[in-house]
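Reading through the structure tokens given below for one structure.
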Amino acid sequence: MNVLILHNNNLPESIFGLDQLANKDTQLFEIDIKPLSERPTDRKDFDVFVSESMSSLELKRYNLIVMPFNFTETYMEYTGLRVAAHIRLTKEWDAQSCPILFLGRDSIEEITRFSSLGEILNTFNIFCSQKKDQESLLNIFKWIDKNSYKNVSTESPLFHSFLDRMQMIPAPSNYATHHSVANEWAIMRWCEIFNWGRLGKPEMPESDFPNMLYFKYLKAKAGVREQPPKRDKNKRNALIPNIKGRKIMLIDDEHNKGWYALLKRIIEDESGAILIKCEEFDKSKTKEVLKKDIQKFISDPENKDIDCYIVDLRLHDDDFNSNYDNTINSELTGIQIINFIKGLNPGNQVVYFTASNKIWNFKKNDDDSNKTLKIIGDNFAIKESPEQNLTTQESYKYFDQLVSAIQHACKMHNLKINYSKIVEFKEKCKNDEIRFSKIDLYNRLIALNDGIRSGDLVDSAALSLSSFIESHIEEVFELSNDSLSKNGEQKGYWHNKFKFNVKKEGKHFNVLSMDYSKDGLRAKDCSPSRILLNDGESDWFYPNPQSPITKIVVALKLYYDFSNDTINDYIQLKSERNKNIAHGSELSSITVEFLQNKIFNIIVIGILNKDIQ
Amino acid sequence: MYKVLIVDDRLERKKALLDEDSFKSLKEFERDGVIVITSSLDDNASLLTKERIKEILEPYRVIAIHRSWLLQNNLINIFEEFIKDSDKFFIIFSGGTTTNGFSNNFRSLSINAGKFYTSKLLDFISDCENDIEPSLLRFLYGDSWRLPLLLEYRHLLWCDQGLNNPEKEEQLRALFMPDTEDVSIEYLNKQIEKEKFSYILL
């Protein structure tokens, strides 16, 4: 058997002469560990030292590892236990089931009293002895070789039992908050689970986190659920479709821990968008100063035209108070920044991307009681945290949340232009609150992630838009039998240039479409009277100048110069609305995309553009 | 009174790690002038020389510095030189420190930030206010400060090594002041037995 002896010149002399007595079947190897320098300012953290220095030892070739309970000057740190935990938890060393023998005068009772890692002494293949004479030691080696468990896999109950006892490993204090651990963990996970193709894994800033025992423990725990283990060929691409060319801003105090590097790879290299980052996070700043600096960065003219802001909720140490994880409230720096972004333009799109595990409750409760937060219509994604113990497939779902959130935000990026135009128009028509309340309602509705997909809200949005168009034209234009005027000024002749396709439905005549000829329609192009129509029949007629729809169509054509197709889109909207009002039927042909792309972007914006000039 | 200096570039850190009462006590010590808390030794910290550091730290008996401040200002080596030649007490704390460690004959301590900002810090400062010579062993282990020394000594006796260092042996004996010349493993076992029940694992 191959026996490795680790020491810091703090084991009995007798053990170093063992190879003289050992038979040819036992090989002894000895390594002197001197982990800490005398320079307290310069010393490497012990976990980092262990991870780095022991990686080259090829531990898997040994049948037994012998060590003292402690390697360092501070005896009660029991760093030997720590080394043993590293051996068990570092998958890459492939020595997870190697028997470990501790030599020392300490009793198990003392060690478990003095050290949280003492529990490791109660796990598989861990042995202790106070013997130091050579004969006894050789007998112990033989006994261990014969009686220890062999090839204990990480899926075995023995290993799981070991993990259960290791939950006493404390997180280092700068990871005492859920935020920091979740950030580092999520970065690590996403680096591992994706197929990064020819570019390879994103280059991450140096971090000691992967070397820490606590991190290795978290990783081992997560691995327990990952059955079967993920294989390279099953990995996904880290692509966010349909965001090419978009400009995205990251506001995250942990951007330099790897988030910027990771998201840059995903958003820029994989998906073709542009990612800029806010770097104002000097930790010595007070919360107020930090907030002002971030706001200044956002408002910088060089950072205009952002299609999507990705914002973490907790951006300052002050956000981690005793209420952490219990409330998400308007005091959080991230929330205040988001309110600022929305205050600049309600159409600005924001994605909450946070380690907070309460965000989903918050989203569910995003009702009237949270109006002070003014975040209606925004998108949420969570950075996974280690205690969730997700499998790879589950991690992908968290990534999918982010993908969906960013995609939706980018899709809605035009809302900020819409709002700007509305504000501009509103300024010009300062007293017309009723007209602008309708546009505001539409934009609030269109930005909701979930509600807009339900029939009720599409219905309300459709009503808002058609009301705006109709009331605006009704107030501003006059229609005589042959001409169109605006504010008393003649804008064009319409007589005999338009025809409507009208259908009789019960007692009502619904206009289905229009046609226009600037040179005038011939008499034979239109039927003489609608009265002749039977129920369900349709035919072409000259428009009735008394009918409200006539004025609207004529104004849309002669003054606003919309195409026939566009005007027919409005007619379709009107027709669906009439059916809905009259019969309570669903708006079967009206979708969010139709309202946004055809009605709002073309007709409403076209009207505002023309009338703002 | 022994004055204490704390250099921490993230002033909110102590608020996050200390409970409300401890934080208030810390502020009171600051008001009374026992401790000075600052985010930097100097506006141009990266240009500090060893001599200038000596001047600035002159009034203080205990200096606690966050490791990231030293790193950011490239002062690791200069401070290391200063500590070696100084009779002051130094605490280097960092959130990334996973194990605590003494050096410089227990005059220097490397410690996790979460273990630094505890109620033990207030007890330590209180001792300094009352002219009690600082002890970093006592800071870390409280009333059980003899325990790590007893354990270490016992282990080395068990190894038949003694301490291989008569000076260190003298220091250790002086530190826990045995009431007998005959320091055997059995004697140490008895002392450890006495001490262990007062130790509270945090």
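The values are calculated or read from the model by the stated rules, or taken from the named source; none is laboratory data. All values reported here derive from a predicted model rather than from experimental measurement. Please note: Cβ atoms are built from the backbone with ideal geometry, for glycine as well, and neighbour counts cover all protein chains shown.
Here are a few things to note about the model shown:
- Scanning the range A:119-129 for residues being at pLDDT below 95 and out of contact with any helix residue (DSSP H, G or I) (no Cβ under 7 Å at 6 or more places or on another chain) gives a total of 0.
- Hey, A:LEU213 farther than 25 Å from A:TYR398 by Cβ, touching a His at 6+ places or on another chain (Cβ under 7 Å) and modelled with pLDDT of 80 or more or not: yes
- Scanning the range A:78-118 for residues that are outside any loop (DSSP other than H, G, I, E, B), touching a helix residue (DSSP H, G or I) at 6+ places or on another chain (Cβ under 8 Å) and of a type in the set (D, E, K, R) returns A:ARG82, A:ARG88, A:LYS91, A:GLU92, A:GLU110, A:ARG113.
- Looking only at the range A:73-101, and only at residues there that are within 9 Å of another protein chain (Cβ to nearest Cβ) and in contact with a strand residue (DSSP E or B) (Cβ under 6 Å, 6 or more places away or on another chain), the one that is farthest from A:LEU121 (Cα to Cα): A:GLU73
- Looking across the range A:350-389 at every residue that is touching a Leu at 6+ places or on another chain (Cβ under 7 Å) and either polar (S, T, N, Q) or modelled with pLDDT of 85 or more (or both), the one that is surrounded by the fewest Cβ atoms within 10 Å (Cβ to Cβ) is identified as A:ALA381.
- The helices (runs of 4 or more DSSP H) found entirely in the range B:18-120 that carry 1 or more residues being at the interface with another protein chain (Cβ under 8 Å from one of its Cβ atoms), out of contact with any Asp or Glu (no Cβ under 7 Å at 6 or more places or on another chain) and crowded, with 18+ Cβ neighbours inside 10 Å are B:67-72, B:76-85, B:113-116.
- In the range A:102-124, residue nearest to the other protein chains (Cβ to nearest Cβ) [restricted to those that are β-branched (Val, Ile, Thr) and farther than 21 Å from B:SER144 by Cα]: A:ILE120
- When the test is whether a residue is surrounded by 12 or more Cβ atoms within 10 Å (Cβ to Cβ) and out of contact with any Lys or Arg (no Cβ under 7 Å at 6 or more places or on another chain), A:LEU163 does not pass it.
- Any chance A:SER180 is polar (S, T, N, Q) and without any contact (Cβ under 8 Å) to a residue 40 or more places away in the chain: no
Residue by residue, here is whether (1) hydrophobic (A, V, I, L, M, F, W, C); (2) farther than 21 Å from A:ILE267 by Cα; (3) at pLDDT below 75 holds:
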position	(1), (2), (3)
A:THR392	no, no, no
A:LYS411	no, no, no
A:LEU415	yes, yes, no
A:LYS428	no, yes, yes
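- The listed residue being touching a Pro at 6+ places or on another chain (Cβ under 8 Å) and either at pLDDT 95 or above or of a type in the set (A, V, I, L, M, F, W, C) (or both), out of A:ALA261, A:ALA220, A:ALA238, A:ALA273: A:ALA261
- Scan the range A:297-317 for residues that are assigned to a helix (DSSP H, G or I) and farther than 17 Å from A:HIS255 by Cβ and the total you get is 3.
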